[in-house]
Amino acid sequence: MLYFTITRVPQHWYNSPMVSIIIPFFNTGESCAELVKQLLNNKVRDLEIICVDDNSTDDSLKKVREVAKKDKRVKVLHQEENHGTATSRNRGLEEATGDYVVFLDSDDDVADLFLSKMLEAISEEDTCLAVCGIRQNYLHSNKIVDKFTEPASPRRDGEKWEEYILRLMVEDAHLYSCVNKIYDMSVIKRGKVHFDVKLDFAEDTKFVLDYLKAAGDGEINFVPDPLYTYNYGTPTSVVSESSLRWENWEKNFADIKVFVGRNPSKHAQKLLKKLHLRFKISHALAVARSKKSLREKIRCENPFVLLGAKIIVLIRG
């Protein structure tokens, strides 16, 4: 006679959430393919990786498709025309079927525990967004800097949601990028959140703000580990031309003011002034780091401010 022992199957084995990972790429097929391989080796089983080719002009599409052939969890989409990252991410969102969504840049890297830790973080009760630390890898100088590895400032008692988000944006840069985060798909669908294809600057920030507005409230879970690696110095990570135009920074600031709402409190007004100053400094640093000629840089920024920004860039390395 044979005896069988019935073992209780853990709930998460058959009820684990699906994670959709959206990776736009343009002429970065080799790095994109390596990133996909990294993700497939992650411990999270229930995932789909949606790679969106923005009409690459080299063999990038072929390289990514070769990886996709080996695993049915990888889906490759091709756009007949080059429309930019925002359109590619929106295309990925249209195809995504996951409970949660992650956006990655094709020439960056993630830690082995990126997905599992981020999924664990957003699964906590009342959490609407999870954010991890970033490792900045300066390829030309072989310098690595970990950012956002200290606990983020918690929300204060009675602090309005929009003012809390504004304060976080003033205190550090946790919330500006879309890539070191995991989002709840139900919030995206409910708020019809998408990337603004009319923007060629700070569309990441606009998406995050629109998402947080749709969430309405909740907890932001900050994971202090540098799980996302931004490779600074790749051909696609040069200083964007759009960041050199001050009017783009002003437009981004206007979007943030809309998020905060009409008739902001005195505290919010002070925070907005601090943020505007921070934007001025960031713009000057962007101009100083660019490969433009001195004459072109002076057209973008006050010469004295530019000199101060150049000194800061030299000190930071």
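Basic side chains Lys and Arg get +1 at the Cβ, acidic Asp and Glu get -1 at the Cβ, and with that the dipole of region 58-129 about its Cα centre reaches some 500 debye. Relative contact order for the chain: 17 percent, from Cα pairs under 8 Å spaced at least 6 residues apart, divided by residue count.
Taking every alpha-carbon pair in region 127-210 and binning the separations at 10 Å intervals from zero gives 14, 41, 34, 10, 1 percent. Averaging over all projection directions, the Cα-based convex hull of region 53-193 occupies 11.3 nm² in the image plane. The lysines within cross-link reach of K75, meaning a Cα-to-Cα straight distance under 17 Å and a gap of 8 or more places when in the same chain, are K37, K62, K63. When the Cα convex hull of the chain is projected onto planes of every orientation, the mean area is 20.7 nm². What is the sum of charges, Lys and Arg at +1 and Asp and Glu at -1, for the other residues whose Cβ falls under 12 Å from the Cβ of S290? Surrounding charge for S290 is +4.
Accessible-area rank, largest first, for T57, T234, T149: T57, T149, T234, with all protein chains present and a 1.4 angstrom probe.
Taking Lys and Arg as +1 and Asp and Glu as -1, the other residues whose beta-carbon sits under 14 Å from that of S141 total +3. For region 204-311, the equivalent ellipsoid derived from the alpha-carbon gyration tensor has semi-axes of 29, 20, 13 Å in decreasing order. Averaging the Cα positions of each part gives two centres, and for region 163-214 and region 26-57 these lie 22 Å apart. Under 29 Å of direct C-alpha separation, and excluding same-chain neighbours fewer than eight residues apart, K291 reaches these lysines: K143, K147, K198, K206, K251, K274, K280, K310. In this view, the solvent-accessible surface of D126, computed with a 1.4 Å probe and all protein chains in place, comes to about 110 Å². Computed on protein heavy atoms with a 1.4 Å probe, the accessible areas place R262, R65, R135, R295 in the order R262, R295, R65, R135, largest first.
The values are calculated or read from the model by the stated rules, or taken from the named source; none is laboratory data. If you're wondering where the values come from, they're calculated on a predicted model, not measured in any experiment. Note that each Cβ is placed from the backbone with ideal geometry, even for glycine, and that neighbours are counted across all protein chains shown. Surface accessibility is based on the protein's heavy atoms, side chains included, excluding ligands, DNA and RNA. Shrake-Rupley method; radii C 1.70, N 1.55, O 1.52, S 1.80 Å.
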